[in-house]
Amino acid sequence: MSKEIKDREDDVLIGAFLDGKNDAFDKLVLKYKDRVFNLCYRILGDYEEADDCAQDAFVKMYRSLHRFRFEAAFSTYLYRIAVNTCKNKLKSKEYRYSRKMVRLANPKEEGMHTIEIRDESLSPLTQLERKEKENIVQEAINSLPPEQKNLVVLRDIEGLSYEEIVRVTGYKLGTVKSKIARAREKLRDKLKGLI
């Protein structure tokens, strides 16, 4: 379907919404919800925050659709609202603060008290320690015989199922499982005390 046809469909739906047909707005939301969420997720990097911003973008679009001038594509208009909503979220003091804190709550306790602790996951020291651990693990993987290294990479790093590994390598299922088990045991021995 060409862009012009899509734009005309959007214009028809917007016109119907402006004429009081709320189901036209629902159709616009269904058409764009995944794209708007993905855009928000790429900007924010957090599933829940992206979901909130996508919803906020549709609420803002609902409230401002009567100002849409049909000069640009509706998708451009909607994406601009979504991007600006995400930018505002990133700029907000509350958002920046929440990214530095982790909430701990025990719902079984009466009154559900919350405790906040500082999230050090993004600190330079934490990143350096994580990078050092990754290097140690990678060196251990590199020291495995090539056959075992390939199987560990396919299973534990790439996340392939045993059946997919069988198709990739041509080994029997039992052979794949035993070779991976031996490779993991070697890795445990090499990494013992280091991580």
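Restricting the first member to segment 18-31 and to residues that are aromatic (Phe, Trp, Tyr), and the second to residues that are assigned to a helix (DSSP H, G or I), the beta-carbon pairs closer than 8 Å and six or more apart or on different chains are 25/13; 25/17; 25/62; 25/65. Of all the listed residues (95, 79), the sole one being in a helix (DSSP H, G or I), over 30 Å from residue 126 (Cβ atoms), aromatic (Phe, Trp, Tyr) and modelled with pLDDT under 90 is 79. Among the residues making up segment 157-195, those that are in contact (Cβ under 8 Å) with a residue 24 or more places away in the chain and assigned to a helix (DSSP H, G or I) are 176, 179, 180, 182, 183, 184, 186, 187, 190, 191.
The selection criterion, being at pLDDT below 60, more than 31 Å from the chain's Cα centre (by Cα), outside any helix (DSSP H, G or I) and not hydrophobic (A, V, I, L, M, F, W, C), holds for residue 111.
Looking only at residues of segment 58-74 that are touching a Leu at 6+ places or on another chain (Cβ under 9 Å) and assigned to a helix (DSSP H, G or I), we find that the one that is surrounded by the fewest Cβ atoms within 10 Å (Cβ to Cβ) is 66. Within segment 114-150, the set of residues being of a type outside the set (A, V, I, L, M), at pLDDT below 80 and part of a loop (DSSP other than H, G, I, E, B) comprises 119, 120, 121, 123.
The values are calculated or read from the model by the stated rules, or taken from the named source; none is laboratory data. Here the structure is a predicted model, which is why all the values come from computation and not from measurement. Note: ideal-geometry Cβ built from the backbone for every residue, glycine included; neighbour counts use all protein chains shown.
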